[in-house]
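Chemist: Before I ask anything, let me first share the structure, which is written out below as structure tokens.
The values are calculated or read from the model by the stated rules, or taken from the named source; none is laboratory data. These figures come from a predicted structure and were not determined experimentally. Every residue, glycine as well, gets a Cβ built from its backbone with ideal geometry; the counts of neighbours run over all protein chains shown. Side chains included, ligands, DNA and RNA excluded: accessible areas come from the protein's heavy atoms. Shrake-Rupley method; radii C 1.70, N 1.55, O 1.52, S 1.80 Å.
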Amino acid sequence: MTRENPADLLPELCVLGTAVTGLLTGSFLPRTRQWIVAVLCGTGLVAGLVTAGLAARRADLTTFDAFMLDPLTHVTRIVVTAATLLVIGLAAGPLRGHRRESEFHTLLMLAALGTIVLGAASDLLVLVAAYLLAGIPGYVLAGFGKDAPGTEAALKYYLMGAFLGILMLAGVTLLFGLGRGTSYETLAAGLGTAPGGAVAVGVVLLLAGLMFKAGAVPAHFWVPDVTEGAPRVVAAFVTTVPKIGAFAALYRFAVQALPPGRDDWPLLVAVIAAATMTLGNLAAFAQRNVRRLLAYSTIGQAGYLLVPIAMAGRTDLAEPALLFYLAGYAVTNLGAFAAVIAVGRDDLLAYTGLARRSPLLAVSLVVCLLGLVGTPPTAVFVGKLLIFGAALDGHYTWLAVAAAVNSVASVFYYLRWIVPMMRRRDGGGERRPAPSARWIAYAAAGGSLVLGIGAGIPLAIG
């Protein structure tokens with residue numbers, strides 16, 4: 001069903017309206033009262049979350065001929081708004097009193113809006129606009145600290161985003177010419193009769209931009225530098241939220257825009273998935289900076305998330321595997337970053353003795369790190385079971401084996417972080433107390449367990 005009703009975009013309008021209101025309000029507030037903008041943004045995200053939940057109960061439809069409202073969009077809306085709300089909570093301590101506090105929250109809202117549109121777009125032109133909206137605020141946020149590492153991070157992030165964005169635009173142009181349209185429905189009909197080689201080139205160029213957003217090989221080089229150089233709150237955001245829209249966009253493009261019978265797509269994405277998870281996990285072994293370790297961890301996670309993308313259209317398990325893994329990854333990764341923000345230190349040695357001086361925080365961090373491994377009963381464990389099932393059901397056994405081997409290998413570098421927490425020697429304590437980060441770490445660890453147990457019980461019974 002197709003219609004044009006602005007009410008269908010109520011969650012997006014809540015986010016956009018709050019961003020504009022926050023920017024205007026912050027222009028007239030003194031520095032000591034910029035926190036009001038954070039409250040406004042939090043309220044807007046809660047409103048967007050509620051309206052997204054209500055919209056998920058309606059039948060699937062297309063609005064304005066370019067915006068799909070289906071389970072993929074509903075999960076993207078809910079996960080992105082919830083994750084951005086947690087990031088605003090993480091920023092409550094480090095950003096309080098900053099002279100650009102209102103601009104920070106406005107940029108977060110705009111990037112979140114672009115991410116939602118990225119996952120819901122069913123037209124190449126809207127996809128490009130969403131790519132820019134989700135990316136440009138992130139470039140600014142990466143250099144928000146106005147220090148040397150942040151400036152370097154922002155420059156690398158921007159240059160890679162601009163270069164790969166140009167390649168993406170070239171791919172969009174080529175696909176538009178071959179498919180005689182930009183809507184996914186038109187492309188699915190038109191690309192079937194187009195020359196296969198030209199279509200493959202257009203698809204690869206389009207993938208360049210989306211792989212950049214996802215932090216996957218070969219567009220992953222920005223991830224460790226931005227994660228280490230940007231403020232910790234920004235690192236938590238850019239390694240979590242943009243990925244959600246990128247993977248949703250990849251899945252939608254594979255299912256709705258590619259003509260049936262293209263066997264080159266699964267193999268191409270499967271090879272990228274295997275390379276991404278392997279490179280991410282191998283590079284993480286040598287890291288002594290926890291932020292770089294988490295950065296390479298997110299690259300590895302991108303590899304796992306590409307598995308259901310490769311299986312799109314080949315098995316019914318692909319979509320639920322992707323959606324559940326996205327939700328589980330978002331809460332788990334933000335929980336790990338929340339613990340890093342609470343401790344306020346990046347060196348692995350600084351976490352020595354954390355279990356003695358802050359037991360709850362240590363337990364939360366351990367749950368999140370083991371969750372990223374895929375240890376039961378966490379949410380990512382259920383997500384990995386689903387992606388393994390999708391790969392096996394799609395007759396890509398070698399990809400399931402590669403994902404399982406990488407999951408086992410990742411245990412070792414997470415243990416390099418976990419083991420020192422249990423030792424007696426104190427690593428120096430936290431530099432700055434961050435109560436909000438502590439509570440978010442507790443909540444994220446609990447959420448990962450609740451999601452994992454809640455989804456695991458029906459799977460076990462079934």
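Chemist: Give region 122-133 a look and list any residue that's of a type in the set (Gly, Ala, Ser) and either at pLDDT below 95 or surrounded by fewer than 22 Cβ atoms within 10 Å (Cβ to Cβ) (or both), or say none.
Modeler: Residues satisfying the conditions are Ser122, Ala129.
Chemist: Can you spot a residue in region 405-421 that is at pLDDT below 90, surrounded by 20 or more Cβ atoms within 10 Å (Cβ to Cβ) and under 25 Å from the mean Cα position of the chain (by Cα)?
Modeler: Among the residues of region 405-421, not one is at pLDDT below 90, surrounded by 20 or more Cβ atoms within 10 Å (Cβ to Cβ) and under 25 Å from the mean Cα position of the chain (by Cα), which makes the answer no.
Chemist: Separate question: All but one of (1) within 20 Å of Ala336 (Cβ to Cβ); (2) open to solvent by less than 10 Å² (accessible area, probe 1.4 Å) hold for Pro266; which doesn't?
Modeler: Of the numbered conditions (1) within 20 Å of Ala336 (Cβ to Cβ); (2) open to solvent by less than 10 Å² (accessible area, probe 1.4 Å), the odd one out for Pro266 is (1).
Chemist: Going by the structure shown, is Thr43 within 22 Å of Gly335 (Cα to Cα), of a type in the set (S, T, N, Q) and surrounded by fewer than 18 Cβ atoms within 10 Å (Cβ to Cβ)?
Modeler: It is true that Thr43 is within 22 Å of Gly335 (Cα to Cα), of a type in the set (S, T, N, Q) and surrounded by fewer than 18 Cβ atoms within 10 Å (Cβ to Cβ).
Chemist: Is it true that Thr239 is closer than 15 Å to Ala302 by Cα, of a type outside the set (Asp, Glu) and open to solvent by less than 10 Å² (accessible area, probe 1.4 Å)?
Modeler: Yes, satisfied.
Chemist: So which pairs qualify, if the first residue must be in region 379-402 and more than 14 Å from Ala273 (Cβ to Cβ) and of a type in the set (Phe, Trp, Tyr), the second must be open to solvent by less than 30 Å² (accessible area, probe 1.4 Å) and outside any helix (DSSP H, G or I), the Cβ gap must be under 7 Å, and the two must be at least 6 apart or on different chains?
Modeler: Final answer for the pair search is Phe381/Gly374.
Chemist: Output the residues belonging to region 21-32 that are surrounded by 14 or more Cβ atoms within 10 Å (Cβ to Cβ) and in a helix (DSSP H, G or I).
Modeler: Across region 21-32, the qualifying residues are Thr21, Gly22, Leu23, Thr25, Gly26.
Chemist: Starting from residues that are of a type in the set (Phe, Trp, Tyr), within 22 Å of the chain's Cα centre (by Cα) and open to solvent by 50 Å² or more (accessible area, probe 1.4 Å), keep the ones in region 142-196 and report whichever is farthest from Asp65 (Cα to Cα).
Modeler: So, considering only residues that are of a type in the set (Phe, Trp, Tyr), within 22 Å of the chain's Cα centre (by Cα) and open to solvent by 50 Å² or more (accessible area, probe 1.4 Å), the one farthest from Asp65 (Cα to Cα) is Tyr158.
Chemist: Still on this structure: Looking at region 209-230, can you tell me whether even one residue there is under 26 Å from Leu279 (Cβ atoms), basic (Lys, Arg), part of a helix (DSSP H, G or I) and more than 17 Å from the chain's Cα centre (by Cα)?
Modeler: No, because not a single residue in region 209-230 is under 26 Å from Leu279 (Cβ atoms), basic (Lys, Arg), part of a helix (DSSP H, G or I) and more than 17 Å from the chain's Cα centre (by Cα).
Chemist: Further question: Among the residues that make up region 51-70, is at least one of them open to solvent by 60 Å² or more (accessible area, probe 1.4 Å) and either at pLDDT 95 or above or β-branched (Val, Ile, Thr) (or both)?
Modeler: Looking through region 51-70, none of the residues is open to solvent by 60 Å² or more (accessible area, probe 1.4 Å) and either at pLDDT 95 or above or β-branched (Val, Ile, Thr) (or both).
Chemist: Please count how many residues of region 73-107 are hydrophobic (A, V, I, L, M, F, W, C), in contact with a helix residue (DSSP H, G or I) (Cβ under 6 Å, 6 or more places away or on another chain), open to solvent by less than 10 Å² (accessible area, probe 1.4 Å) and assigned to a helix (DSSP H, G or I).
Modeler: Final tally of qualifying residues: 4.
Chemist: Please find, among Ala321, Ala286, Ala295, Ala302, the residue that is open to solvent by 30 Å² or more (accessible area, probe 1.4 Å), under 26 Å from Ala338 (Cα atoms) and of a type in the set (A, V, I, L, M, F, W, C).
Modeler: After ruling out the rest, the residue left standing is Ala286.
Chemist: Could you say whether any residue in region 184-197 is touching a Ser or Thr at 6+ places or on another chain (Cβ under 8 Å) and either at pLDDT 90 or above or not in a helix (DSSP H, G or I) (or both)?
Modeler: Yes; the residues of region 184-197 include at least one that is touching a Ser or Thr at 6+ places or on another chain (Cβ under 8 Å) and either at pLDDT 90 or above or not in a helix (DSSP H, G or I) (or both).
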